[in-house]
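A.B. asks: Encoded as structure tokens, here's the structure I'll be asking about.
Just so you know, all these numbers are worked out from the coordinates, no wet-lab data involved. The shown structure was predicted, so the numbers you read here are calculated from the model rather than taken from an experiment. Reconstructed Cβ throughout: ideal geometry from the backbone, glycine too, with neighbour counts over all protein chains shown.
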DNA sequence: TCTGGGGTCCTAGGACCC
DNA sequence: TCTGGGGTCCTAGGACCC
């Protein structure tokens with residue numbers, strides 16, 4: 001059996017841990033640039049929708065005295081790490097599936113424990129250790145564990161844990177489960193299935209496999225099987241990423257090449273840092289820039305281009321040079337850019353990089369340099385030490401008006417007790 | 001008039017997840 | 001005025017090989 005543990009309203013809960021006055025109050029967390037709603041406390045769920053643009057719902061938030069936060073990923077990332085560390089003490093194998101979710105392998109546990117009791121113990125101790133409320137779903141497949149988890153959250157009676165272990169229970173659960181809420185069924189397939197009269201997960205599994213295959217390909221068939229208890233997804237072990245992206249929307253529209261370049265240089269440097277963190281090098285650098293797609297007075301403008309590096313690299317300086325070459329090729333005067341990003345791909349392990357007879361660079365020296373740079377930035381502050389081309393970021397800085405403190409990762413932000 | 005059969009690799013786009 | 005960011009996998013079609 002799998003146990004899926006999911007943090008309740010994760011970002012909102014993180015904000016509450018260090019500010020208990022927020023208990024039982026409606027909270028929303030906004031995306032970068034304070035753009036739109038990306039997390040809500042239960043109280044706020046009744047008031048605004050996920051993804052609502054902030055500027056459109058400002059008044060509603062105010063009327064309802066909703067407390068607003070800009071996203072604080074230093075805090076959420078660290079709280080996530082704490083949750084995962086606690087969960088890891090209970091099982092041999094777990095897969096950290098996202099910032100707020102993990103699949104735990106309960107194989108064999110049923111011989112010694114009552115699964116529901118054991119899972120309740122897990123979530124009780126996790127909440128005690130971290131301050132984050134969590135809930136869990138247990139079932140034979142990941143997709144069913146996801147279903148179970150939704151029930152655990154939906155009904156208080158489950159006391160945080162829902163177990164789907166018998167055909168009767170599963171059938172009952174699927175009959176009441178909307179098809180669009182199934183893991184693997186997104187917006188498009190939801191609409192499509194609804195058109196064919198498929199409203200619940202139960203309707204879905206009663207379609208023939210061939211029909212699912214034609215309409216939704218092998219991906220759909222996997223979901224169809226998983227809902228019937230046939231395992232298609234196993235616990236995945238940690239692996240390094242296959243591509244890494246750093247991108248931002250700008251609070252203003254940028255027309256100037258130099259400002260855009262400064263932003264791109266920072267994105268490339270950030271990709272470099274992430275590459276070094278997972279000990280990989282990138283073979284290809286891609287840059288994209290685009291206009292404000294929300295403006296209907298202008299036709300959308302989008303440019304992207306890739307460049308193969310002569311030797312795969314994770315040195316920020318080399319990535320920046322490549323990114324600048326690309327940017328020069330795709331930048332066009334007279335256009336206003338609202339969003340840009342750098343993607344690095346064709347990632348290979350740091351120590352398996354293929355050399356190049358015609359392009360020599362002192363890799364050892366470079367590696368020592370970035371080792372020091374990363375170490376200092378970890379110790380002092382992100383980007384305490386950076387390349388001069390990265391500038392000061394003032395011209396394109398994100399707006400984060402409602403940022404809380406980095407309670408757990410910055411000495412300056414520690415709570416003082418009076 | 002009629003035009004084989006079997007394969008690989010790459011890319012763009014589309015679907016999904018959080 | 002103001003609309004997030006970061007990923008994965010699959011598929012179809014085109015180009016190529018013999």
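A.B. asks: If you fit an axis through the alpha-carbon atoms of helix A:257-277 and take the longest principal axis of the Cα set of chain A, what angle between them do you get, 0 to 90°, nearest 10?
C.D. replies: Taking the Cα atoms of chain A, the angle to A:257-277 is about 60 degrees.
A.B. asks: For chain A, give the share of DSSP beta bridges that are antiparallel, in percent and rounded to the nearest 5; count only bridges with both residues there.
C.D. replies: On the way: 46 of 53 bridges.
The antiparallel proportion sits near 85 percent.
A.B. asks: If R₀ is 51 angstrom, what is the calculated FRET efficiency for the pair residue A:230 and residue A:60, using the beta carbon separation as r and rounding to 0.05?
C.D. replies: Working: r = 45 Å, r/R0 = 0.88.
Computed FRET efficiency for residue A:230 and residue A:60 comes out at 0.70.
A.B. asks: Taking the alpha-carbon centroid of each part, what is the distance from the range A:213-246 to the range A:382-404 in angstrom?
C.D. replies: Their Cα centres are 37 Å away from one another.
A.B. asks: Quick one: if you stick a label point 7 Å off each Cα along the C-beta vector at residue A:81 and residue A:191, how many nm between them?
C.D. replies: Computed distance between label sites residue A:81 and residue A:191 equals 4.1 nm.
A.B. asks: To check my understanding: the extent here is largest minus smallest coordinate of the Cα atoms along each principal axis. What are those three numbers for the range A:163-219, in Å, largest first?
C.D. replies: The Cα atoms of the range A:163-219 stretch 30, 21, 18 Å along their principal axes.
A.B. asks: Can you give the Rg to Rh ratio for the range A:64-130, taking only C-alpha atoms and Rh from Kirkwood? Walk me through the numbers before you get to the answer.
C.D. replies: Working: Rg = 14.9 Å, Rh = 13.6 Å.
Result for the range A:64-130 is an Rg/Rh of 1.10.
A.B. asks: Okay, next question. Compute the Rg to Rh ratio over the range A:8-75 from the alpha carbon atoms, using the Kirkwood formula for Rh, and round to two decimal places.
C.D. replies: On the way: Rg = 10.8 Å, Rh = 11.7 Å.
Across the range A:8-75, the Cα-based Rg/Rh ratio is 0.92.
A.B. asks: Grab every C-alpha pair in chain A, bin the distances at 10 angstrom width from 0 up to the longest one, and report whole percents.
C.D. replies: 4, 17, 24, 27, 20, 7, 1
A.B. asks: Simple spin-label model, 7 Å along Cα-to-Cβ: residue A:376 to residue A:46 in nm?
C.D. replies: 5.3 nm
A.B. asks: Express in nm, to one decimal, how much length is gained between residue A:159 and residue A:417 on full extension, taking 0.36 nm for each residue of separation and deducting their alpha carbon distance.
C.D. replies: Values: separation 258, 0.36 × 258 = 92.88 nm, distance 3.37 nm.
Extending this stretch completely gives an extra 89.5 nm.
A.B. asks: So if I average 1/r over every pair of distinct C-alpha atoms in the range A:15-150 and take the inverse, what Kirkwood radius in Å does that give? Could the numbers behind the result be given before it?
C.D. replies: Working: mean 1/r = 0.0599 Å⁻¹.
Its Kirkwood hydrodynamic radius stands at 16.7 Å.
A.B. asks: Separate question: Taking every Cα atom in the range A:336-408, find the radius of gyration and the maximum pairwise distance Dmax, and write them in Å.
C.D. replies: Both quantities, over Cα of the range A:336-408: 17.4, 52 Å.
A.B. asks: Counting only the backbone N, which residues of the range A:290-323 are under 20 Å from the spot 7 Å out from the Cα of residue A:357 toward its beta-carbon?
C.D. replies: Within reach of a label on residue A:357, which here means backbone N under 20 Å from a point 7 Å along Cα→Cβ, the range A:290-323 contributes A:309-312.
A.B. asks: Suppose a student asked you for the relative contact order of chain A, using Cα pairs under 8 Å spaced at least 6 residues apart; what percent would you report?
C.D. replies: Details: 690 pairs, mean separation 66.7, N = 418.
Relative contact order comes out at 16 percent.
A.B. asks: In whole Å, what is the distance between the alpha-carbon centres of the range A:46-87 and the range A:290-349?
C.D. replies: 30 Å
A.B. asks: Using helices alone, I'd like the mean residue ellipticity at 222 nm for chain A: each DSSP H run of four-plus residues gives -39500 (n - 2.57), total over residue count, nearest 500. Could you put the intermediate results ahead of the total?
C.D. replies: Working: 13 runs with 162 residues, N = 418.
Using -39500 (n - 2.57) per qualifying helix, the result is -12000 deg cm²/dmol.
A.B. asks: Starting from the Kirkwood radius over alpha-carbon pairs of the range A:78-226, derive D by Stokes-Einstein at 37 °C in a medium of 0.692 mPa s and give it in µm² s⁻¹. Walk me through the intermediate numbers first.
C.D. replies: On the way: Rh = 16.5 Å.
The diffusion coefficient I find is 199 µm²/s.
A.B. asks: Can you give the three extents of the C-alpha atoms in the range A:245-359 along their principal axes, from longest to shortest, in whole Å?
C.D. replies: Dimensions of the range A:245-359 along the principal axes of its Cα atoms: 50, 27, 20 Å.
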